[in-house]
Amino acid sequence: MQPHHAILVASMACTRNRLDFSSTRRLSRSSSQPSILFSLALALALILGFGQAAQAQSPQSPSPQSFRIPKVTIDDVERDGEPPAALAAAPRKIIVDTDPGVDDAAALIWLLSQQRYPLTPLGIVAVAGNTSVDNATTNALMVLSWLRRTEIPVIPGAAAPLSPVPLSSTGKLIHGPDGLWYLGWANQQELPAPDPRTAETFYCQTLQGQEAEVLVLTLGPLTNLAKAMSAADCGVEWSQVQIVSLGGAKFGGNQTPVTEFNMWQDPDAAAVVLGKGAQVTLVTLDGFGQFTIGPAMLKVLKNTGMPAMRALLPALETYASVLSSEGGEAALPDPAAAMAALDARLALGRPGLVKILGSDVPEYGRGQTVIALDLVEWPTLAATDARLSQIADTVFADPLNPDFGYLAGAIGAILMENPPNATVVADILAQQMRRVFLQGVTAPPGGANAPAGTNTPAPELGDAGSAPVGAPDGDPGTSAQGGSPEYKLYLPGVQVGPGGR
C-alpha cells in the first residue's frame, strides 16, 4: 500500500468499509457499524456536498485494472430486465455537437427517429474529429435528408483542434476517407446549405436565456464548446448548462493504451469545458465500450430497419468489420452516449473529480483522463505529495499520540477545494440499451407505414446466421435465390443496392 493510501485509510476508513459516491444506485449496505472516525469523515463529506447519499459499502473483489478500486456494477436483475418505461414529458430541447463518423450517424438517426423521449432539436454542430469538418457537415446534412428533417440547422464548427496539435487522419481507417465509407460519394444528391453562423455564435445565441432548458450532447472533440465558453461576450450562464459528453476513460484507452480519442484529439478544449462549472456528464470508454454491434444486430437492421438506418447500413457493416474480428462485436459508442443523455436510468453516474493531461505531454499520454471516484482517490488526485506529506508529518509529530482530528480537517480542506467537476458514467445497462436502440430505428410490426408507438417491442437478436424473430416472411432483405442477402432502398434521388457503393 502506498503512503497516501495508508494515510487516508487510517483517517477515513478505520474499517474495511468504503465510501461510495454513487448518485443513482447503491449496490449493498454493510451490516457492520462504522467507527467514530469513519462517521466523522462521512459527516464531513455530506456537509461538503459530496454525493447525495454517501454510505458505507461492504468490500468487493477488486477489478482486474486495480488492486484497490472495487468494480462498481449494476445489479444483474436490472441489467437483464426490460428497458425503463417511456418518459411522459414535454419535448426536451437538444443540441448535438458531432463529427460524423459512422457511429455518430447511427446516433443521429436514433435520436431523430425514436419516439420514447420527446425532443426538440435546435441544431447540429459539426466538428473535426473522425473526419474533416467539411465531411462532418456534409454527412450531418445527408443524414437529415434521409430522415426528411432538413429544417434542423447544421452549423459547420471548428476545422482544427483548440490544442496546438494536428487533426489526426486515423479516423479514415475506421470511418473511411469521407467519414461514412463512401456513402456520400456513391449517392450524390443535392443537400441544403449549412447554417452560416459560426459554432460560437450559434451556441451563445441559442443558449442565452434558456440555459437550463437545453441539453448539449457532444459526440466528438469538445473544440466548439470550449471556444463558445471562452468567448468574452457570450453571455451564457454556463453553470446552468447540462452537457453530456462522450469521452474519457477511467481505465485504458482506444486511441493509445491510456487515452480515449475525443480527449486525445483536443485535450485543451476538454480542460476548458471541465473548468467552467457546467453540469458535465462524461460517458466514458468504460461505459460506452459495452454497447456493441455485431452480425445479429446488423441482420435485424437489414431486415427491419427504418429507411435512414438501412441507408447507413453499408457503412455500418464496414465499420463493424473493421473494428471486430471473425464476425465478433464492435463498440458503437455514440448511440450509447445519446441514450445515456436522454435517460439516466440506463447508466450509472457517479460524481467524480476529473483531470486531463494536456497537449504538452508526449502524444501517447495526451488527453488521458485521471478520474477520482471515492475518498481514497480524491485527495491523491487533488493534492501534491508535498502537501500530503506535510499532513502526515503533522499528524505523527508525536508518534505515540497521532492527531487524527487534524488529519480529518486537512483532508476535508482538500475536498472542499476540489469538488466534483463531472458526473462519470463508467457502466451502462447495455442489454436494455440495445432494446431501446432497436425500438427507435426499426419499423413497427405491420411495416413501415404502421403507426409507431413508444411501446413497440424491439426485434429480438437471434443467431447471426438466422433471421431474427419477428422478421416478416419474404422480406426484401433476403435474396430469393439464396446466397448473399440483398436489399434495395429508395430515398429521394438515391438508390442503394447491395453494399451501397
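The values are calculated or read from the model by the stated rules, or taken from the named source; none is laboratory data. Everything numeric here is computed off the predicted structure, so don't read it as measured data. A quick note on method: Cβ atoms are made from the backbone with ideal geometry, for glycine too, and the neighbour counts reach across all protein chains shown.
The table below lists the values:
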| quantity | calculated |
| --- | --- |
| Neighbours by Cβ (under 6 Å, 6+ apart or cross-chain): first from segment 190-214, in the same structural domain as Ala231 (by TED's automatic domain parsing) and closer than 22 Å to Ala341 by Cβ; second assigned to a helix (DSSP H, G or I) and polar (S, T, N, Q) | Ala199/Asn224; Glu211/Gln240; Ala212/Gln240 |
| In segment 113-152, the residues that are in contact with a Lys or Arg (Cβ under 8 Å, 6 or more places away or on another chain) and either closer than 20 Å to Ile94 by Cβ or of a type in the set (Lys, Arg) (or both) | Tyr117, Pro118, Leu119, Thr120, Pro121, Leu122 |
| Residue list for segment 261-276, restricted to those being without any contact (Cβ under 8 Å) to a residue 60 or more places away in the chain and not hydrophobic (A, V, I, L, M, F, W, C) | Lys276 |
| Residue check for Phe251: surrounded by fewer than 24 Cβ atoms within 10 Å (Cβ to Cβ) and among the aromatic types (Phe, Trp, Tyr) | yes |
| Some residue of segment 288-303 being in contact with a Phe, Trp or Tyr (Cβ under 8 Å, 6 or more places away or on another chain), assigned by TED's automatic domain parsing to the domain that holds Ile109 and under 21 Å from Asn187 (Cβ atoms) | yes |
| Residue match in segment 365-376 (condition: part of a loop (DSSP other than H, G, I, E, B), out of contact with any helix residue (DSSP H, G or I) (no Cβ under 9 Å at 6 or more places or on another chain) and surrounded by 20 or more Cβ atoms within 10 Å (Cβ to Cβ)) | yes |
| Residue in segment 256-266 that is over 19 Å from Lys227 (Cα atoms), crowded, with 20+ Cβ neighbours inside 10 Å, at pLDDT 95 or above and among the charged types (D, E, K, R) present | yes |
| Which listed residue, of Ala158, Ala136, Ala107, is surrounded by 23 or more Cβ atoms within 10 Å (Cβ to Cβ) and in a loop (DSSP other than H, G, I, E, B) | Ala158 |
| Enumeration of residues in segment 302-356 that are in contact with a helix residue (DSSP H, G or I) (Cβ under 7 Å, 6 or more places away or on another chain) and of a type in the set (Asp, Glu) | Glu317, Asp334 |
| Selection count where residues are out of contact with any Pro (no Cβ under 7 Å at 6 or more places or on another chain), surrounded by fewer than 24 Cβ atoms within 10 Å (Cβ to Cβ) and in contact (Cβ under 8 Å) with a residue 24 or more places away in the chain, scope segment 322-343 | 8 |
| Residue match in segment 233-242 (condition: surrounded by fewer than 18 Cβ atoms within 10 Å (Cβ to Cβ) and out of contact with any helix residue (DSSP H, G or I) (no Cβ under 9 Å at 6 or more places or on another chain)) | no |
| Any hit, segment 141-148, residues being assigned by TED's automatic domain parsing to the domain that holds Ala271, in a helix (DSSP H, G or I), within 27 Å of Met229 (Cα to Cα) and touching a residue at least 24 places away in the same chain (Cβ under 8 Å) | yes |
| Answer residue from segment 183-228, given it is of a type in the set (Ser, Thr, Tyr), over 18 Å from the mean Cα position of the chain (by Cα) and assigned to a helix (DSSP H, G or I) and is surrounded by the most Cβ atoms within 10 Å (Cβ to Cβ) among those | Tyr203 |
| Scope segment 215-228; condition in contact with an Asp or Glu (Cβ under 9 Å, 6 or more places away or on another chain) and either touching a residue at least 40 places away in the same chain (Cβ under 8 Å) or closer than 15 Å to Pro333 by Cβ (or both); matching residues | Val216, Leu217, Thr218, Leu219, Gly220, Pro221, Leu222, Thr223, Asn224, Leu225, Ala226, Lys227 |
